[in-house]
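Please read the structure below before turning to the comments.
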Amino acid sequence: MMKDLSIALLASLVLILNVGPGCLADIAVNMTLTDPAYCGAKPDAGTTMGWQFAVASPIVVTHLGLYDFYYELVYSSGWTQITADGFNSTHPIGLWRLSDGTLLASGTVPAGTAAPQIGRFRYIEVSETTLIPNEEYVVGFYTESSATSDPVATNPYDVTWNTDPLIDYVTALQGSSSGLTMPTQALGSDLRFGPNFQFTAVPVPASAVLGLIGLGAAVDRLRRHRTR
């Protein structure tokens, strides 16, 4: 009976520590609009917008994505609000290490609704990229033309948002250039939520699993010794 209980407890520990393959992906930022009709703000041409963050423990980024606003404002002899599912243009998107500006992962979010959607974010797959504590990172996307710009959330009063417990949001960033470049201008209390990413937590190393197994064996030996 005690042996069966020890095995059950060990199995529970392994599950709690996320050991083994098949862990589901998490999303860095969950965002909903306080006003569903909020249209965000469109970046100027030649602008990369995003945000800076750190991680509480190692993670592996698997997808980068953008928020797809359901409404946006267009100008034609005056501003008009329209339904606008999908993106107006393609957008290069990237993930950088802040300390040296290294581009760690990148891709292009296609125009329209081609990219798979989770919530209101549409994602593309990128090369798996491991992020570690004691570093800071930046995620951002580039807008080439103001005529086909897609909006981002800029006003914290118009959105409800929270980051995953492993993601530590630092500040919104923007920058101007002729292509996708890490933004460096901090924007204080403003938001620049458009870019997002999916990730998985790094599993506990095999050595830790072996340690748990050894602990279980030691407990079982002690149990048998006491019952003699």
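Of the residues making up region 25-78, those that are small (Gly, Ala, Ser), under 22 Å from Ser89 (Cα atoms) and touching a strand residue (DSSP E or B) at 6+ places or on another chain (Cβ under 8 Å) are Ala37, Gly40, Ala41, Ala45, Gly46, Gly50, Gly65. Could you tell me whether Glu135 is touching a His at 6+ places or on another chain (Cβ under 6 Å) and surrounded by fewer than 20 Cβ atoms within 10 Å (Cβ to Cβ)? The answer is no for Glu135.
Given Thr62, Thr80, which one is more than 13 Å from Pro151 (Cβ to Cβ), in the same structural domain as Leu166 (by TED's automatic domain parsing), assigned to a strand (DSSP E or B) and more than 18 Å from the chain's Cα centre (by Cα)? Steps first, please.
Working: Thr62 fails: more than 18 Å from the chain's Cα centre (by Cα).
Checking each option against the conditions leaves just Thr80.
Taking the conditions (1) over 24 Å from Gly101 (Cα atoms); (2) of a type outside the set (S, T, N, Q); (3) not in a strand (DSSP E or B) in turn, Pro133 satisfies each one other than (1). Does Pro156 qualify as being modelled with pLDDT of 95 or more and out of contact with any strand residue (DSSP E or B) (no Cβ under 6 Å at 6 or more places or on another chain)? Criteria not met by Pro156. Among the residues of region 83-124, those identified as under 21 Å from Ser146 (Cβ atoms) and among the small types (Gly, Ala, Ser) are Ala84, Gly86, Ser89, Gly94, Ala111, Gly112.
Candidates Asn162, Asn196: the one that is surrounded by fewer than 15 Cβ atoms within 10 Å (Cβ to Cβ), at negative phi and in contact (Cβ under 8 Å) with a residue 40 or more places away in the chain is Asn162.
Scanning region 147-159 for residues that are surrounded by 13 or more Cβ atoms within 10 Å (Cβ to Cβ) and either outside any loop (DSSP other than H, G, I, E, B) or within 20 Å of the chain's Cα centre (by Cα) (or both) returns Thr148, Asp150, Pro151, Val152, Ala153, Thr154, Asn155, Pro156, Asp158, Val159. Only one of the numbered conditions (1) under 19 Å from Asp85 (Cβ atoms); (2) at pLDDT 95 or above; (3) not charged (D, E, K, R) is not met by Gly194, and that is (2).
The values are calculated or read from the model by the stated rules, or taken from the named source; none is laboratory data. Note that the structure is a prediction, hence the values are computed from the model and not measured. Note that we place each Cβ from the backbone using ideal geometry, even for glycine, and neighbour counts take in every protein chain shown.
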